[in-house]
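Everything below concerns the one structure shown next.
The values are calculated or read from the model by the stated rules, or taken from the named source; none is laboratory data. From a predicted model like this one, the values you see are computed outputs, not experimental measurements. Using ideal geometry, Cβ is built from the backbone for each residue, glycine included, and neighbour counts are taken over all protein chains shown. Note: areas computed on protein heavy atoms with side chains; ligands, DNA, RNA excluded. Shrake-Rupley method; radii C 1.70, N 1.55, O 1.52, S 1.80 Å.
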Amino acid sequence: MFKENIMMSLENIVHNKMRVFLTVLGVIIGVTSVISLITIVEGATSDIVEQFEELGVSQLNVQIFGTPAKDSLSPQDLLDIENIENVDVVSITTSTTGTAIFEEYLMEDLPVIGKDYTSFQQYEDDLIGGRTINKIDVANKTHVANITKEVEQQLFRGKSGIDKTIFINGISFKVVGILDDGRSSEEIYIPYNTVMHLNGGNRIDSIEVFMDDTSKGKQITADLEKILDRIFQNAENSYYIFDIADLLEQLDEITGVMTAMLTGIASISLVVGGIGIMNMMLVSVSERRSEIGLRKALGAKKSDIQILFALEAIIISIIGGIIGMILGNLLAYLAAVGLSIPFKISVGGTILGTIFSITVGIIFGWSPARKASKQNAVDCLRDS
């Protein structure tokens, strides 16, 4: 009997193709909106998370502001930090600004960033020519430099800068590598202790604390805060610890709220589509009174009539849901290509769209189906 009801519902839908299509448009638009918005948000979030992870979720970035009495970290301070449990290594960063000159070309107010060997290892993936600064360069305070491709283009006018000598604040440096960090930045990288020599001091601007176990990040941060508070005697604003993992957690929360909000807005279309289905089914009940009367006269129960009309509403809603899923993923794909973000079919969005479409059919098809089941067989046959 159930199979027969499905076949009869499909026959009636095919018989009223244009009416069904216009009715189901609301469901199509609603499901398309839900799936495309969720997929686009997930793709954009994935792209942002990937960029943050490239910065390093296994490290803590500590900005050192210091105090009038102590403006930097000493070698012993660095050793104490490195001895924290689950800390692998501590990387030093210091910086200054300088004027770079090659022959008659010069660039002023360039950031000159000093790093140690650990940091330079991370730049291997950004290397597009030459080599990165190595451990021997740092240990010997060698006058070598890595420059970004933007600096190379400005100073060497389209020619290679590898093995060329440039002057930074009047001191000669040999360019040993060209970096492309994807940020179109104009920066020069040299050993951190060489920057200290240029500055005439030993100030450390920041450190990167690399962790052995990222799951212990909270404990490592707490231990790091204790040491830094002791070093700077609990002075406020003497340092700042930046943990990318915390930022990713906040981003995940924001994305969840945004997805829920967009889904709620898109669901309004589904409600409109559901009202359209209800309206169509009520009209269908009025038009098919003779059919209802005949079925009841032949022994059909109220539940049989109710199931028949409810199935029709559900099938219409599911058809809209399927079309909406296809269009939603297509729209999300086109948006991903246009925005240059990753595209991946959202399993959650697809499931949500399916549940929504079925739910709309059940909720808005129930009342007309119930009305049909309550029709009096004699009245229906007399009116026909």
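How high is the FRET efficiency from residue 181 to residue 203, r the C-beta distance, R0 22 Å, rounded to 0.05?
Working: r = 24 Å, r/R0 = 1.10.
So the FRET efficiency works out to roughly 0.35.
Per-residue ellipticity at 222 nm for the chain, helices alone: DSSP H runs ≥ 4 residues times -39500 (n - 2.57), over residue total, nearest 500 deg cm²/dmol?
-20000 deg cm²/dmol
How many percent of DSSP beta bridges within the chain run antiparallel, rounded to 5?
Numbers: 36 of 45 bridges.
Counting only bridges with both partners in the chain, antiparallel ones make up about 80 percent.
Once both labels are modelled 7 Å past Cα along the beta-carbon direction, what's the residue 272-residue 171 spacing in nm?
6.7 nm
Quote the Stokes-Einstein diffusion coefficient, in whole µm² s⁻¹, for the chain, based on the Kirkwood radius over alpha carbon pairs, a temperature of 4 °C and a viscosity of 1.567 mPa s.
Rounded, D is 49 µm²/s.
Hey, for a label at residue 86 modelled as a point 7 Å past Cα toward Cβ, could you say which residues of the stretch 210-242 have their backbone N under 17 Å away?
210-227, 242
Figure the gain on full extension for residue 249 and residue 367 (residue separation times 0.36 nm, minus the Cα-Cα span) and round it to one decimal in nm.
38.0 nm
Pairs of alpha-carbon atoms within less than 8 angstrom and 6+ residues apart define the contacts here; what relative contact order does the chain have, in percent?
Reported relative contact order: 30 percent.
Applying a 10 Å radius around every beta-carbon, put 330-341, 312-323, 175-186, 250-261 in order of their mean neighbour count, most first.
Values: 330-341: 14.8, 312-323: 23.8, 175-186: 17.1, 250-261: 12.5.
My ranking of the peptides, most packed first, is 312-323, 175-186, 330-341, 250-261.
Using the Kyte-Doolittle scale, which helices in the chain average at least 0.0 and also have C-alpha atoms spread 15 Å or more along the helix axis, with helices defined as whole DSSP H runs?
Details: long enough: 2-15 (20 Å, 0.12); 17-56 (56 Å, 1.12); 217-231 (21 Å, -0.30); 244-287 (64 Å, 1.23); 302-339 (54 Å, 1.76); 347-373 (38 Å, 0.98).
Span-like helices, by this rule, are 2-15, 17-56, 244-287, 302-339, 347-373.
Suppose R0 equals 22 Å; then what is the FRET efficiency for residue 136 and residue 72 from their Cβ-Cβ distance, rounded to the nearest 0.05?
That pair, residue 136 with residue 72, gives E of 0.30.
Taking 8 Å as the Cα distance limit and 6 or more residues as the minimum spacing, I'd like the relative contact order of the stretch 146-209 as a percentage.
Once normalised by length, the contact order is 37 percent.
What ranking of 82, 124 comes out by heavy-atom accessible area, probe 1.4 Å, highest first?
Sorted descending by solvent-accessible area, the residues read 124, 82.
Is the stretch 88-205 rounded, prolate or oblate when judged by the Cα gyration tensor, a ≥ b ≥ c being the square roots of its eigenvalues, rounded requiring a/c under 1.5 and prolate requiring a/b larger than b/c?
On the way: a/c = 1.67, a/b = 1.24, b/c = 1.34.
It is oblate, given that a/c is not under 1.5 and a/b is not larger than b/c.
Can you give the FRET efficiency to the nearest 0.05 for residue 58 and residue 351, using r as the Cβ-Cβ distance and R₀ = 30 Å?
0.35
Take each of the peptides 17-29, 269-281, 228-240, average the number of other beta-carbon atoms within 10 Å over its residues, and list them starting from the highest.
In decreasing order of mean packing, 17-29, 269-281, 228-240 become 269-281, 17-29, 228-240.
Which value, in debye to the nearest 20, describes the size of the charge dipole of the chain about its Cα centre when Lys and Arg Cβ atoms bear +1, Asp and Glu Cβ atoms bear -1, and nothing else is charged?
Numbers: 30 positive and 48 negative charges, 621 e Å.
Dipole magnitude for the chain comes out near 2980 debye.
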